[in-house]
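Enquirer: Before I ask anything, here is the structure I am working with.
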Amino acid sequence: MPDPSSFQPPFFAGVDVGGTNVKIGIVDDNGTIVAETKFPTKADDSPDIAVEQAKLELTNLLSSHGLDWNQVAAIGVGTPGPMDIKAGLILTPTNLPGWHNYPIREKLSQAVGKPATFANDANAAAYGEYWVGGGQAFTSMLLLTLGTGVGGGIIINDISIDGEHSHGAEIGHMNIDTSDNARMCGCGVKGHLEAYASATAMVDRTQEALSSPAGMTSSLRQQTSAASPLSALMISNAAEAGDEFAMSLVLETADYLARGIADLAHLIDPAAFILGGGMNFGGNHSPLGQKFLQRVVLSTRKLVFPVLAERLVVKFAELGSEAGFVGAAGMARTEYNRRA
Ligand SMILES: [Zn+2]
């Protein structure tokens, strides 16, 4: 157990509500994680149960480190959208059917007796990376998360661009293909970045290329079957093992991502782009991850103004699955300091 005196008070609590788990933690004023845990999300049950459990678990985390709620200044919570951030309401997230129209900010604040801030989960993750992760060195940054979808957040000088209608930084739904045969996005509109650069999209593109009569040779043909369907990890592993076809699909993913980043560079001109999410091709420590990152940079440079090309910074995220609750706590801290 770390020495409690090594932490910098005051402390902040963070809650990250996902479709599978609720991740919670306590961080200190420097963003150092004091303690964290998670519990399964009961997506069909009343969220009142989850709020009570979050309070109980946070109380336990505090007491196990010789702390109590008196040393906690504020709490932050991130949830999937759609939401109404100004009203503090979760609206109608598809993966939380029992939580619709729930005033989570007020309920959580009442439960723990602290001011609460409320954010989109992707924007909260961006804030975590901005505060103590891959974006720590920068005053402005964008996070792009590559997973089953493409999410993201835009943070400029401690402010998360949440938008007037709580749909700010819906990076995955930028249009990167206006052709008639553009790919269909999960949101029902064609041509969005998510329909090209998410893990799901990479699997779909690979499956289509494997099924085409062009006769691509790839180890993926032997690996996939009804019992073991194609996955992003299989494509990544095959590329890493030298499969040229798989590598071409990974680099194509980087090229699509570059189209989105180029638009964002012209729109926002942030100091850095941070790539997070499950699909990082091994990240910094893997030759494939490095190759993917290099390709993103090279392809983006071809699409942007010279100064933006020269100064382009693209990095992998550093916090992993902790980014959400750390960022939610960080947003609570920023709000607390603003009011103080
Ligand atoms: Zn979309």
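Enquirer: Return, ordered by residue number, the residues of segment 203-230 whose backbone nitrogen is under 16 Å from a label point located 7 Å along Cα→Cβ of ASN181.
Expert: Once the point is set 7 Å along Cα→Cβ of ASN181, 205-215 turn out to lie under 16 Å by backbone N, inside segment 203-230.
Enquirer: What does the charge add up to near VAL307, with Lys and Arg as +1, Asp and Glu as -1, over the other residues with Cβ less than 13 Å from its Cβ? Intermediate results must be reported in sequence, preceding the final value.
Expert: Values: positive: ARG301, ARG311; negative: ASP269, GLU310.
Combined, the nearby Lys, Arg, Asp and Glu give 0.
Enquirer: How much net charge surrounds SER166 when only other residues with a Cβ under 14 Å from its Cβ are counted (Lys, Arg +1; Asp, Glu -1)?
Expert: Net of charged neighbours comes to -3.
Enquirer: If you don't mind, another one. In whole percent, what relative contact order does segment 225-294 give with Cα contacts below 8 Å and a gap of six or more residues?
Expert: That works out to 31 percent.
Enquirer: Counting only residues 5 or more places away or on other chains, whose amide H sits under 5 Å from the amide H of VAL22 once H atoms are built in the peptide plane?
Expert: For VAL22, the qualifying residues are PHE39, THR41.
Enquirer: Pairs of alpha-carbon atoms within less than 8 angstrom and 6+ residues apart define the contacts here; what relative contact order does the chain have, in percent?
Expert: Worked out over the chain, it gives 20 percent.
Enquirer: Additional query: Putting +1 on Lys and Arg Cβ atoms and -1 on Asp and Glu Cβ atoms, find which of ALA254, SER198, ALA309 reaches farthest to the positive end of the dipole of the chain.
Expert: Final value for the positive-end residue is ALA309.
Enquirer: Report, to two decimal places, the Cα Rg of segment 45-202 normalised by 2.2 N^0.38 Å (N = number of residues). Don't skip to the answer; put the middle values down first.
Expert: Working: Rg = 17.7 Å, N = 158, 2.2 N^0.38 = 15.1 Å.
It is 1.18.
Enquirer: Let me ask something else. Considering just Cα atoms, how many Å³ per residue does the convex hull of segment 215-308 enclose? Could you put the intermediate results ahead of the total?
Expert: Values: hull volume 11.0 nm³, N = 94.
Taking the convex hull of the Cα positions in segment 215-308, it is 117 Å³ per residue.
Enquirer: Related question: Once the Cβ-Cβ distance between LEU91 and SER5 is put in as r, and R0 is 30 Å, what FRET efficiency do you end up with, to the nearest 0.05?
Expert: After rounding, the FRET efficiency stands at 0.10.
Enquirer: Here's a follow-up. Strictly greater than 39 Å: what percent of every Cα pair in the chain meets that?
Expert: 17
Enquirer: What is the extension gain from VAL307 to LEU267, computed as 0.36 nm multiplied by their sequence separation minus the C-alpha to C-alpha distance, in nm to one decimal?
Expert: Extra length available between VAL307 and LEU267 comes to 13.0 nm.
Values in this text are rule-based calculations from the coordinates and carry no lab data. Since this is a predicted model, take the numbers as computed values, not measurements. With ideal geometry, Cβ positions are generated from the backbone for all residues, glycine too; neighbour counts draw on all protein chains shown.
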